[in-house]
Amino acid sequence: MKPEPVGLLTRLLREAFVGPPGPWTYFTDTTSGSGVFGTLGEVTAAQASVKGGPGGTTIAAHVHHLSASVVISRLELQGESPSRDRSRSWTVTTVDEAEWTALRDQLREEYETLLAVVKSRASWDEESIGVAVGAVAHAAYHLGAIRQRIPSQ
């Protein structure tokens, strides 16, 4: 009997978005809050709207794109076939404080919904494991891209 991947997948998703749950990690820093949400915690709307890095994207754009991608992963795990066209997910570039708060809240809500879907999934096959691992890898990539755009203190 093969073990179900739920425990590992939820740990990886939590590490990407919340940070590591213990003294060691799979891929983030070992400091508390080193996931996406902790990284975004001190970022202001003005900082989130500064263009930088390859393509001149903003932190706000990465957060909007990541939120849309999490939705796609969730829908796929629920058996739907959503469009993989993510071009519209890059349309948010600048935000005011209210929009920035709403964007971060939306990402947290989408993450929590995805996490619940992963936890409740009854069976796993190669495709569904690939979707979940892809969501982790994609979040880890954007975590790095976001960190590179945070201005030095």
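The values are calculated or read from the model by the stated rules, or taken from the named source; none is laboratory data. The model shown is predicted, which means the values in this text are computed figures rather than measured ones. Cβ atoms come from the backbone with ideal geometry, glycine included; neighbour counts cover every protein chain shown.
What the table below lists for this structure:
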read-out: For V92: the one exception among (1) assigned to a helix (DSSP H, G or I); (2) without any contact (Cβ under 8 Å) to a residue 40 or more places away in the chain; (3) of a type in the set (V, I, T); value: (1)
read-out: Selection from the range 14-28 of residues that are of a type in the set (F, W, Y) and either buried (at least 19 other Cβ atoms within 10 Å of the Cβ) or within 16 Å of the chain's Cα centre (by Cα) (or both); value: F17, Y26, F27
read-out: Single unsatisfied condition, R11 versus (1) surrounded by 12 or more Cβ atoms within 10 Å (Cβ to Cβ); (2) over 20 Å from S120 (Cβ atoms); value: (2)
read-out: Positions within the range 29-64 being modelled with pLDDT under 90 and more than 21 Å from V95 (Cα to Cα), in sequence order; value: D29, T30, T31, S32, G33
read-out: Any pair with Cβ under 8 angstrom, 6 or more apart, that starts in the range 18-38 at a residue that is free of Cβ contacts under 8 Å to residues at least 12 places away in the same chain and ends at one that is not in a loop (DSSP other than H, G, I, E, B); value: P21/R11; P21/R14; P21/E15; T25/E15
read-out: Test: residue in the range 77-96 that is surrounded by 17 or more Cβ atoms within 10 Å (Cβ to Cβ) and closer than 27 Å to T25 by Cα; value: yes
read-out: Selection count where residues are in contact with a helix residue (DSSP H, G or I) (Cβ under 7 Å, 6 or more places away or on another chain), under 17 Å from L115 (Cβ atoms) and either in a helix (DSSP H, G or I) or among the β-branched types (V, I, T) (or both), scope the range 1-55; value: 11
